[in-house]
Each structure stands twice: as C-alpha cells, then as structure tokens.
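Here's the structure we're looking at; comments come further down.
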Amino acid sequence: MVGREKELKIRFVPGQCELVEEDVDIPSRRVLITGATGLLGRAVYKEFNENSWHAVGCGYSRARPRFERVNLLNSVEVHDIIQDFQPHVIVHCAAERRPDVVESQADAVSQLNVTASGNLAKEAAGVGAFLIYISTDYVFDGTNPPYKESDVPNPLNLYGKTKLEGEKAVLENNEGAAVLRIPILYGEVENLEESAVTVMFDKVQFSNKSANMDHWQQRFPTNINDVASVCRQLSEKRMLDPSIKGTFHWSGNEQMTKYEMACAIADAFNLPSSHLRPVSNVEAIQKYRNF
C-alpha cells in the first residue's frame with residue numbers, strides 16, 4: 001500500500017455526531033472498469049476492490065452516485081478520465097448486447113462496440129495501461145464448441161460481428177492489449193434481463209404457455225465471479241510479465257443447451273418443465289443468425 005488521501009467520515013459521540021477528516025491508504029495498483037454498472041462490470045469492480053487494487057468504475061445512465069459518469073462515445077471524456085487516473089489496467093466490460101437494440105440501432109451499436117473500443121485501446125496505450133477487452137463466443141458460429149483461440153471466427157449475428165470488429169480495433173490500436181472471449185454469463189442480477197441465463201426464468205415459470213428453447217447450440221454457462229477473478233489474475237500476471245497479451249478464452253466446464261439450462265432452472269425451483277419445447281437445429285440456426 002502506498003499513498004494516502006483524506007476521506008470524510010461521520011464520527012458518533014454521545015449526544016452528537018461530527019464530520020471529520022481521516023487519512024486512508026490508497027493501493028498503488030490502479031484499475032479502471034468500464035461498464036461497471038452491468039452484470040459483469042459490478043463483479044469485476046468488486047473483485048479488484050477487494051484484492052488491494054484502487055478500482056474506479058465508470059458507467060453512463062446508471063453511474064451515479066457510485067461510479068464515474070463517462071460517455072465512451074465522447075473521446076474527450078475518455079481521454080480525461082484516463083489521463084487523470086493513470087490506470088495500470090483497464091477492463092473494458094461496456095458493450096451493447098441487447099438483441100432488440102443491436103438489430104434496431106446498428107450504427108449506434110457499432111459506435112460503442114467498435115469505434116469506442118478502438119479509441120479506448122489507443123488511450124490505454126498512451127499511458128501504458130494494460131487493456132482487457134471483454135469479447136464473446138458469439139464471434140463463432142456455434143457449430144463446433146468448445147473453441148480454441150486459434151479457431152477462425154465466423155459470427156452469424158450482428159452482435160458477434162461488432163464484437164469481432166471491436167477485437168480488431170483494439171489490437172490494431174494497442175498491440176499489448178488482451179482480448180478475453182467469454183460465453184453466456186450468470187450471477188447476481190439486478191433484473192432477470194441482465195443475464196441470458198436468468199432471462200429464461202420467465203419462460204420457465206409461466207407453465208401455461210408453451211416455450212421454444214434452443215436445444216442445438218452447446219453453451220458453457222459461466223459465473224461472473226469466476227470471470228472477474230480471471231481478469232484480476234491476468235492483470236497481476238501482466239504486471240510481472242509484459243509478454244502476456246493477445247486472445248484468451250475462458251468458460252465454465254459444464255456444457256448445456258438453453259433447453260437444458262431452462263430444465264435445470266425448473267428443477268431448482270421445483271417448477272414443471274413439460275411446456276418447454278426443445279427446438280431443432282434448423283430452427284435454432286435461423287434464431288442464432290437473428291440473435
């Protein structure tokens with residue numbers, strides 16, 4: 001621990017309370033997390049913050065009061081926070097993945113997932129920060145998982161295409177960056193729509209209505225806390241070994257289709273699953289193309 005700064009705290013004494021300044025230690029290792037208000041970003045912020053890192057999170061619409069409000073599409077705001085904070089590591093979790101938004105606002109999604117990512121990589125290189133770009137297994141077509149880092153990407157939907165373009169933009173602007181491809185995530189959510197796993201609960205709980213579920217594409221559901229730990233360990237290893245860079249894959253070990261996940265959810269909550277309909281591969285391929 002190095003460095004100290006003043007922090008205001010409330011001190012309670014019999015009959016009164018008073019505001020006092022106290023010295024607090026500031027960890028020497030600094031990490032900036034984008035998308036810190038999101039499902040993965042919250043876990044990444046917590047992981048670093050609880051392991052002797054000075055973590056600063058940024059978000060946009062939900063940022064205040066806990067995190068810094070930064071518009072990643074505004075290059076001046078991005079430049080200013082990086083120059084002011086001088087992070088050793090940046091974990092770039094922010095992205096647009098909501099299917100309805102991706103399809104209806106393609107240009108805006110490309111600006112965030114591609115252009116802003118490339119600019120962030122450039123700014124990171126300018127201060128010598130190690131950038132971890134969070135990507136997805138949607139850069140592949142889903143026909144032959146699990147994938148290796150050396151496998152050729154073949155995204156079928158617009159989200160996967162923008163994330164792949166984002167990978168290229170990051171590595172073109174920062175050759176020392178890392179791309180971390182992760183699969184479908186689950187963990188502590190603020191609403192069911194945050195995770196592609198928990199969002200299935202609505203289809204599970206309403207057993208009076210038949211629900212089609214993909215039983216073709218094999219996925220590897222992965223806990224957000226595990227991904228957060230990987231980000232921290234990757235960062236700490238990089239601080240000791242500058243050769244750590246490039247593309248990495250991480251996922252849970254259990255292979256399941258969304259139909260199997262939904263059945264597991266039903267079993268966990270003691271709910272019926274007979275209304276869940278496994279979808280054939282022909283139907284699933286079309287759905288996968290349309291995200």
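The values are calculated or read from the model by the stated rules, or taken from the named source; none is laboratory data. Just so it is clear, the structure is predicted and the values come from calculations on it, not from any experiment. We place every Cβ from the backbone using ideal geometry, glycine too, and count neighbours over all the protein chains shown. These area figures cover heavy atoms from the full protein model, side chains too; ligands, DNA and RNA do not enter into them. Shrake-Rupley method; radii C 1.70, N 1.55, O 1.52, S 1.80 Å.
For the reader, a short list of remarks on this structure follows.
- Rounded to the nearest 20, the Cβ-based charge dipole of segment 68-143 about its Cα centre (Lys and Arg +1, Asp and Glu -1) stands at 140 debye.
- Accessible area in the full protein assembly, largest first, 1.4 Å probe, for Cys17, Cys231, Cys263: Cys17, Cys263, Cys231
- When shorter helices are ignored and each DSSP H run of at least 4 residues is given -39500 (n - 2.57), the per-residue value for the chain at 222 nm works out to -10500 deg cm²/dmol.
- Rolling a 1.4 Å probe over the protein heavy atoms leaves Asp267 with an accessible area of roughly 120 Å².
- Lys-Lys pairs in the chain that are eight or more residues apart or on separate chains and whose Cα atoms lie under 19 Å of each other come to 17.
- Accessible-area value, Phe130, 1.4 Å probe, nucleic acids and ligands omitted, Å²: 10
- Cα-Cα separations in the chain greater than 28 Å, expressed as whole percent: 42
- Charging the Cβ of each Asp and Glu at -1 and of each Lys and Arg at +1, and nothing else, the dipole of segment 108-247 about its Cα centre rounds to 140 debye.
- The 1.4 Å probe gives accessible areas that order Thr198, Thr222, largest first, as Thr198, Thr222.
- Karplus 3J(HN,Hα) series, Hz, for segment 99-107 with 6.51 cos²θ - 1.76 cosθ + 1.60 (x for Gly, Pro): x, 5, 6, 4, 6, 8, 10, 4, 5
- Where labels lie 7 Å past Cα in the beta-carbon direction, separation of Asn74 and Asn223 in nm: 3.8
- Fraction of accessible area attributable to carbon and sulfur, the chain (%, probe 1.4 Å): 48
- Excluding ligands, DNA and RNA, the accessible surface per residue across the chain is 52 Å² with a 1.4 Å probe.
- Of all beta bridges that DSSP places with both ends in the chain, some 25 percent have antiparallel geometry.
- The heavy atoms of Arg29 present about 60 square angstrom of accessible area, all protein chains included, probe 1.4 Å.
- Cα gyration tensor shape of segment 96-254, rounded if a/c is under 1.5, else prolate or oblate by comparing a/b with b/c: prolate
- 14 Å beta-carbon shell around Gly252, net charge (K/R +1, D/E -1): -2
- Shape class of segment 74-148 from the alpha-carbon gyration tensor: oblate, with a/c at 1.5 or above and b/c at least as large as a/b.
- Sequence of Asp226, Asp241 when ordered by accessible area, the most exposed leading, probe 1.4 angstrom: Asp226, Asp241
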